[in-house]
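The values are calculated or read from the model by the stated rules, or taken from the named source; none is laboratory data. This one's a predicted model, so the numbers in the text were calculated from it and none came from an experiment. For neighbour counting, all protein chains shown are included, and Cβ atoms are generated from backbone atoms with ideal geometry for every residue, glycine included. Quick note on the areas: whole protein, heavy atoms, side chains included, nothing else; ligands and nucleic acids left out. Shrake-Rupley method; radii C 1.70, N 1.55, O 1.52, S 1.80 Å.
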Amino acid sequence: MRTQREALLLIPSILLLLLPSSILSSIPPFSCDTSNPSTKDYPFCKATLPIEQRVDDLISRLSLEEKISQLGDRAPPIPRLGLPGYKWWSEALHGVSDAGRGIHYNGSISAGTSFPQVILTAASFNPLLWYRIGEAIGTEARALYNAGQAEGLTFWAPNINIFRDPRWGRGQETPGEDPLMASKYAISYVRGVQGDSYQGDGGAGLKASACCKHFTAYDIDRWNGVLRYSFNAKVSVQDLEDTYQPPFKSCVEQGRATGIMCSYNQVNGVPTCADSNLLTKTARGFWGFYGYITSDCDAVSVIYTSQKYTKTPEDAVAITLKAGMDVNCGDYVQKYAYSAIKQGKLSENDINRGLRNLFSVRMRLGLFNGSPKHVLYGDIASKQVCSGAHQYLALEAARDGIVLLKNLEQFLPLSKSKVSSLGVIGPNANRASMLLGNYYGPPCKSNTPLQVLQNYVKNTRFVAGCDTVICNTSHIDEAVKLASSVDYVILFMGLDQTVEREDFDREDLALPGMQQSLITSVARVAKRPVILVLLCGGPVDVSFVKEDENIGSVLWGGYPGEAGGLAIAEVIFGEHNPGGRLPLTWYPQDFIRVPMTDMRMRADPASAYPGRTYRFYNGKPVFQFGHGLSYSTFSYKFKSIAQSHLLNKSATAFQSSNKSGIISYDISMMSTAECEMLKLSAMVRVENHGPMDGKHSVLLFLRRPSLVSGRARKQLVAFESLSLKAGERAHVEFVLKPCEHFVHTEEDGRKVMDDGSHFLVVGKEKFEVSIMA
């Protein structure tokens, strides 16, 4: 029987149900309504109290059944306490998406800004741009909430897994193959989304919650009969420490992400969502994670159904909650937690632990502070979604990410006044949706490359050449006829979500079907060398274009988002000078002999294993990591740097000669002060020799004289993007910490710094730095 107080608390909820749907949809869900006289008496509604105290008060008022109900991504309302339902699953990979359960573009806001897919944005090598995109996404997310079109403010992005294998269907969602770059992306994006400053010195409060995924060593979906739901990633300690874990560590420690998603796969025989060493000891203990941990969708159920890791569903629920997971995407925990308690496999305290993390995040988002109109971020209006500034940012991001792979004899840029007729060919030329990649919402606007080019050149004609990117049937004759009759030809080829996507990895690296035949046939008959635009997330083996003089220029445009068509046209016609650089290695077709399931990063010559990514691959790439041309010529010069640094005398005690004979220093045994003494500044002069103004990314690498014991061939240690006018010089200062940037990870996971020479490399310039005891 309800108490009088509980009955009073139900009145606002009942009244909400009686409101017309048009009014109801504009009211954001929140707790602690000040218009309800009974609500203000609850300590969990007092914003002046510490969040921990408020959370404990709320949990103490819940029944066991109510507690269990909150452990799924669709948490139901608890009307007697004035709690609305909450949807934990929302997506914001490169714009606020309606792919999850929490976002609805069905009210006054019908579209959101669709930025380029992450792999292209990464090619800008510009952390400030990544921050600004995150900031815009966080603003649009809060605007949707304020408009009553969001049932949650927890967004399951960014995807910061390493793009380890070029066939991975979800590599397009990531910042690429380099751990440092993925770390920098994670930090910048998370700070932007959550309302922190760019420098990370704190914001006013959580604007939205970002979630680092998929933790960890997740980078295979469906390949050769191997499924992500049951895959056991066998990863060495060495690779885990220096490749797979760094982005997550940075996301937590520096980005201060409030969410982590554990992945489907096992790592060395243990499901990640059931690994207390990973979730509790590492993330919460070593890294200081303060937030909630969710499973990937149905990742708890597959521990029992697909992996056969537990004997019963109750066992799967128990081990994940005890390991440190807080909420299950799906309803498996909601179904089996009660019986797990009855069977003695789970305690109510285990559930309370998870609830503390869940309600803490909701409170930090301000969702228990009364009406959002009167609290922080309540003034973010619907007009800030698809604002002019955000749409321009989407254009800027697409421009800055586009990579010029080839430009024979400066064939590009074209001059509009000299192009009397234009032929546009290819299956990717006139499909707006394919520009968006995956996990996208309805874009603010939608223009295909063909539509944009028709505005640039009045006499523009189009032939698809292939019905789809799979290109099993082609219309080469029609394409050849068009190509031979116009002044210039632009081909839009590549991939789309039918051949690379979540739950679908590629089998090879060649262009699908008859695409190569279409390209070469058109190029042979065209009056001038053709322009090839490749739209794809993962790399393709286009070795044939490199020496073909009939192919004048090649651009990679990733999946460039809502403004991608315009950005490509601006690059082609010289309105923007391309400055993007590849954030991943483009491998040759013969790389497919390497099993996707082999998680080793380092090459093994004895077994002809070639290694992975630019750091360890010993083969010849089609295009290397960091490749990218410009319409201008840039040069570098080291201006000042300390040539050698002496370790503190006490550091000699940390010397250890490993089996390779190299003397190195165990970083864990050096104090912060000793490491700070080694800090150095490398000043690089960058000059734009023209003929155009342009943005340019300066990449600083470290090379070691020896590659023994799995040392990287080279390692990115710093990068910076800058804008230079033609003829302008600038100086870029890189502050390096040898205890961080010069380290090598040993087979046992220890991080060591080698004695002797290290070489800093930028372009063709290099400078020697010596570490000596």
Could you grab the relative contact order for the chain? Cα pairs under 8 Å, six or more apart, rounded to a whole percent.
13 percent
How big is the C-alpha Rg of region 296-378 next to the rule-of-thumb value 2.2 N^0.38 Å, as a ratio?
1.34
Globularity ratio of region 198-261, using Cα Rg and 2.2 N^0.38 Å:
1.42
Kindly write out, for region 343-356 in residue order, the coupling ³J(HN,Hα) from the Karplus curve 6.51 cos²θ - 1.76 cosθ + 1.60 (θ = phi - 60°), rounded to whole Hz, with x marking Gly and Pro.
8, x, 8, 9, 10, 5, 5, 4, 5, 4, 4, x, 4, 4
Cα centroid distance between region 341-375 and region 415-449, in Å?
45 Å
Whole-number Å³ per residue for the convex hull built on Cα positions in region 164-295
104 Å³
Fraction of antiparallel bridges per DSSP, the chain only, in percent to nearest 5
60 percent
State the three equivalent ellipsoid semi-axes of region 284-442, derived from the C-alpha gyration tensor as the square roots of 5 times its eigenvalues, in descending order and whole Å.
49, 25, 15
Starting from the amide H of N161, placed 1.01 Å from N in the peptide plane, find each other amide H under 5 Å away whose residue is 5 or more places distant or on another chain.
H214
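If I stretch the segment between L64 and N430 completely, what's the gain in nm (0.36 nm per residue apart, minus their alpha carbon distance), one decimal? Mind dumping the intermediate values first?
Numbers: separation 366, 0.36 × 366 = 131.76 nm, distance 5.51 nm.
Working it through step by step, the gained length comes to 126.2 nm.
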Note, region 237-250: 3J(HN,Hα) by Karplus (6.51, -1.76, 1.60, θ = phi - 60°), whole Hz, Gly/Pro = x, goes 4, 4, 5, 4, 6, 10, 10, 7, 8, x, x, 6, 4, 5
Placed amide H near V717: partners under 5 Å, 5+ positions off or other chain
L700, F701, L702
Using every Cα-Cα pair within region 107-170, state what percent have a distance larger than 19 Å.
44 percent
Which order do the peptides 667-679, 511-523, 317-329 come out in when sorted by mean C-beta neighbours inside 10 angstrom, highest first?
317-329, 511-523, 667-679
When a/c reaches 1.5 or more, the comparison of a/b and b/c decides; with that in mind, is region 571-646 rounded, prolate or oblate per its Cα gyration tensor?
oblate
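On full extension of the chain, what length is gained from T473 through D331, given 0.36 nm per residue of separation minus the C-alpha to C-alpha distance? Walk me through the intermediate numbers first.
Numbers: separation 142, 0.36 × 142 = 51.12 nm, distance 4.42 nm.
Here the segment from T473 to D331 would lengthen by 46.7 nm.
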Which residues in region 396-418 place their backbone N less than 19 Å from a point set 7 Å from the Cα of R528 along the Cα-to-Cβ direction?
404-418
Quick one: what does P(r) look like for the chain with 20 Å bins over all Cα pairs, in whole %?
16, 46, 31, 6, 0
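Could you work out the helix-only [θ] at 222 nm for the chain, with each DSSP H run of four or more residues adding -39,500 (n - 2.57) and the total divided by the number of residues, to the nearest 500 deg cm²/dmol?
After summing the helix terms and dividing by the residues of the chain, the value is -7500 deg cm²/dmol.
What does the C-alpha gyration tensor say about the overall shape of region 442-591? Classify as rounded when a/c is under 1.5, otherwise prolate if a/b is larger than b/c, or oblate.
Values: a/c = 1.40, a/b = 1.12, b/c = 1.25.
Cα axes put region 442-591 in the rounded bin.
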Quick one: 3J(HN,Hα) in Hz for region 370-377, Karplus 6.51/-1.76/1.60 with θ = phi - 60°, rounded, Gly and Pro as x.
x, 4, x, 5, 10, 10, 3, 6
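For region 434-530, rounded, prolate or oblate, judged on the Cα gyration tensor with a ≥ b ≥ c (square roots of eigenvalues), a/c < 1.5 rounded, else prolate if a/b > b/c?
Working: a/c = 2.76, a/b = 1.28, b/c = 2.16.
Verdict is oblate for region 434-530.
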Across 10 Å bins beginning at 0, the whole-percent shares of Cα-Cα pair distances in region 120-236 come to 14, 39, 29, 16, 2
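Suppose every Lys and Arg Cβ carries +1 and every Asp and Glu Cβ carries -1, with no other charges. What dipole size does the chain come out with about its Cα centre, to the nearest 20 debye?
Values: 80 positive and 76 negative charges, 116 e Å.
Roughly 560 debye for the chain.
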Just grab the label-to-label distance for V226 and Q410, each label 7 Å out from Cα along the Cβ direction, in nm (one decimal).
4.8 nm
Which number comes out as Rg/Rh for region 26-184 once both Rg and the Kirkwood Rh are worked out on C-alpha atoms?
1.06
Long-range amide H partners of Y665 with built H, under 5 Å:
M753, D754, D755
At q = 0.23, 0.24 Å⁻¹, what log₁₀ I(q)/I(0) does a Debye calculation on the Cα points of region 340-416 give, no solvent, two decimals?
-1.07, -1.08
Mind listing the Cα extents of region 400-480 along all three principal axes, in Å, largest one first?
39, 35, 27
Fraction of accessible area attributable to carbon and sulfur, region 368-513 (%, probe 1.4 Å):
48 percent
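Could the peptides 559-571, 124-136 be put in order, highest first, of the mean number of other beta-carbon atoms found within 10 Å of their residues?
Numbers: 559-571: 27.3, 124-136: 24.0.
Top of the packing list down: 559-571, 124-136.
Taking the solvent-accessible surface of protein heavy atoms with a 1.4 Å probe, what is the per residue accessible area of the chain in Å²? Kindly include the intermediate steps, with their values, before the conclusion.
Working: 28380 Å² over 773 residues.
Value for the chain: 37 Å² per residue.
If you take the C-alpha gyration tensor of region 31-110, multiply each eigenvalue by 5 and take the square root, what semi-axes do you get, largest first, in whole Å?
Details: eigenvalues 152, 51, 33 Å².
With the √(5λ) rule applied to region 31-110, the semi-axes are 28, 16, 13 Å.
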